[in-house]
Amino acid sequence: MSIFDRNARRLLSDFTMQIAAGIANRGRNDLFWRHAGGSYTGPRILAEGDSWFCYPTELVVSGPTDIIAHLGREFAVATQATPGDVVSAMRDSLTTPGGLLRALQDYQADILLLSGGGNDLLGDGQLEALLAPGPRQLPDYFKTDAFQDQFWSVIDDLDFILRQALDEYPDLKAVIHGYDYAIPSGNGPWLLAPLERLGVPRNLRQSVIDRIVDWFNRAQIEMVAQINRDYGETRVVHADLRNCTLNGQWYDEIHPTSVGFAQIAARIRRALLAAHPLVA
């Protein structure tokens, strides 16, 4: 997901986020090799995703410690996550020299840890572009071709990425998640502002976000179940992060605080152990 500097009250540019991601990922990948080259016997994990996996604390004063920073204290986690990344871009870069399939080989990953879809559905301007204007009944906000097309395109792309990776590496497992209930607090430009411009009444704003998060998680759960049926074994584990973060544990509208991310990381840790029980 994209980054809002609360102190400067502005979004970071795509170029700035790319630079920040490069700095953060180099350090994290160095730590991966230190883990992997020592007495470590756990799974080798490759993270691909957005700012939930790569929050640029080097550029945002007092920014939250993200999921990978928490998990990297215990696991060997390599990463190529980038703030603001979208699932379609992850799919398009799958087979490029710096893409996911090559990275899985380079790091000899046992687990693919995937975070994607938040920017596609809740990112900059997306709500206003995807939902019907109000006021109207809650279900009617989602009855647009734009929302349905975008939603199922994200699920299809996630399914494609997972199957390509699992086909290429028969011993690979994967863990994905569908986010927690973000809060349209106005602390950032993503949720409250577009909901207000759409004319969504105050009493329905949280319900709109909750419904998107619920649908996204349910669609992922169904997708994971179908993949596992098709492969005849559990190759993918879904980490359900809903109701993991308390109201006071959100740094901005779409990013938890360090404490919130720690609780989310603990739940993802359980999914990693389910995918790779050798470290249990």
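The values are calculated or read from the model by the stated rules, or taken from the named source; none is laboratory data. Computed from a predicted structure; not experimentally measured. Note: ideal-geometry Cβ built from the backbone for every residue, glycine included; neighbour counts use all protein chains shown. Only protein heavy atoms, including side chains, enter the accessible area calculation; ligands, DNA and RNA are left aside. Shrake-Rupley method; radii C 1.70, N 1.55, O 1.52, S 1.80 Å.
Computed from Cα atoms, the angle from the helix 14-36 axis to the main principal axis of the chain rounds to 30 degrees.
Of the solvent-accessible surface of the range 188-262, computed with a 1.4 Å probe and all protein chains present, 48% belongs to carbon and sulfur. Evaluated over the Cα positions of the chain, the convex hull gives a direction-averaged projected area, one quarter of its surface, of 13.9 nm².
Taken per residue, the accessible surface of the range 114-229 reaches 41 Å², heavy atoms only and a 1.4 Å probe. Please compute the net charge surrounding Ala129, taking Lys and Arg as +1 and Asp and Glu as -1 over other residues with Cβ under 14 Å from its Cβ. Around Ala129, the charge tally is -4.
Rolling a 1.4 Å probe over the protein heavy atoms leaves Phe216 with an accessible area of roughly 10 Å².
Give, as ranges by residue number, the residues of the range 177-215 whose backbone N falls under 17 Å from the point 7 Å along Cα→Cβ of Asp145. Answer for the range 177-215: none. Measuring nothing but how far apart in sequence close Cα pairs (under 8 Å, 6+ apart) lie, relative to its length, the chain scores a relative contact order of 20 percent.
The residues neighbouring Ile183, those whose beta-carbon lies less than 12 Å from its own, together hold a net charge of -3 under the Lys/Arg +1, Asp/Glu -1 convention. For the pair Arg34 and Trp152, the difference between a 0.36 nm per residue extended length and the Cα-Cα distance amounts to 38.5 nm. For the range 128-280, the spread of Cα positions along the three principal axes, ordered from largest to smallest, is 50, 36, 20 Å.
Other residues whose C-beta falls under 9 angstrom from the C-beta of Thr79 contribute a net charge of 0, scoring Lys and Arg +1 and Asp and Glu -1.
Percent antiparallel among DSSP beta bridges with both residues in the chain, to the nearest 5? Close to 15 percent. If you plug the beta carbon distance of Glu128 and Gln18 into 1/(1 + (r/R0)^6) with R0 = 22 Å, you get a FRET efficiency near 0.30. Label-to-label distance, Arg102 versus Arg163, with points set 7 angstrom from Cα along the beta-carbon direction: 2.5 nm. So the label point goes 7 Å from the Cα of Arg73 along Cα→C-beta, right? Which residues of the range 227-269 then have their backbone N under 16 Å from it? Counting only backbone N, you get 257-269.
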